[in-house]
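Student: Could you have a look at this structure, given as C-alpha cells, before my questions?
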Amino acid sequence: MGYFTVRRKWIWSCLSSVTYSFNINGVPKEFVIPKRGIRQGDPLSPYLFLLCSEGFSNLLKQAEGEKRILGMKISRNGPSMTHLFFADDSLIFCKANREEASELFQILRNYEKGLGQSINLEKSSVFFSSNVSH
C-alpha cells in the first residue's frame, strides 16, 4: 500500500512487543509473550483488519483499472463495481469467464501471501447470473 519503512516498523513493533499477564485470585502473575501473533479481540486487531481490507480493495481496483476485471454495472451508463465489503464479508463481482476468474484467483493468492493466512474456500461461495451458460 506504499507505507514507508518507518510506519511498517511501527506496526511490526506493536505486533511483536505485546505481552500479557494474568490475575489469579486478584494477584498479577508472570508475563506471557505470545508466539502466534495478534489474536481476535486484541485492541489493535480492527485497525490491522482495515489495513488488510484496504490492501485487498486496492488490488481489485488496480485490476479493474488495467481492465483485467470488469466488474458489474447496475445500469448501462453507471459506474462499474468490482467489490463490496461488509464487516468481514466480501462480495466480488466479475465476468463469468476463465480470464477474470483466473485474475481473481491470483488476486486472492496475493492477498493471502501478504496477509499470511489462507482464505477458507469451504466458507466461500460463487454465484452466477441466470444468463451465464453452463
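The values are calculated or read from the model by the stated rules, or taken from the named source; none is laboratory data. Quantities reported herein were computed from a predicted structural model and do not represent experimental measurements. Every residue, glycine as well, gets a Cβ built from its backbone with ideal geometry; the counts of neighbours run over all protein chains shown. In case anyone asks, the SASA skips ligands and DNA or RNA and just uses the protein heavy atoms, side chains included. Shrake-Rupley method; radii C 1.70, N 1.55, O 1.52, S 1.80 Å.
Student: If you go through the range 93-115 one residue at a time, do you hit one that is at pLDDT 90 or above and touching a strand residue (DSSP E or B) at 6+ places or on another chain (Cβ under 6 Å)?
Tutor: The answer is yes; a qualifying residue exists.
Student: Another question about this same structure. Count, please, the residues in the range 31-66 that happen to be under 28 Å from Ser80 (Cα atoms), over 17 Å from the mean Cα position of the chain (by Cα) and at pLDDT below 80.
Tutor: Qualifying residue count for the region: 0.
Student: Also: So, in the range 58-76, exactly how many residues are touching a Pro at 6+ places or on another chain (Cβ under 9 Å) and open to solvent by 60 Å² or more (accessible area, probe 1.4 Å)? Explain how you work it out, then say what you get.
Tutor: Initially, the range 58-76 is screened for residues touching a Pro at 6+ places or on another chain (Cβ under 9 Å), giving 71, 73.
Subsequent filtering for residues that are open to solvent by 60 Å² or more (accessible area, probe 1.4 Å) retains 73.
Count: 1.
Student: Here is a follow-up. Mind counting the residues in the range 110-132 that are over 20 Å from Gly55 (Cβ atoms) and open to solvent by less than 100 Å² (accessible area, probe 1.4 Å)?
Tutor: Residues in the range 110-132 being over 20 Å from Gly55 (Cβ atoms) and open to solvent by less than 100 Å² (accessible area, probe 1.4 Å): 3 in total.
Student: Would you point out the residue of the range 82-109, among those that are touching a Phe, Trp or Tyr at 6+ places or on another chain (Cβ under 9 Å) and assigned to a helix (DSSP H, G or I), that is least open to solvent (accessible area, probe 1.4 Å)?
Tutor: In the first step, residues of the range 82-109 are kept if they are touching a Phe, Trp or Tyr at 6+ places or on another chain (Cβ under 9 Å); the result is 82-85, 88, 90-91, 96, 107-108.
Checking the rest, the ones that are also assigned to a helix (DSSP H, G or I) come to 107-108.
Values: Ile107: 7, Leu108: 37 Å².
Ranking the candidates gives Ile107 first.
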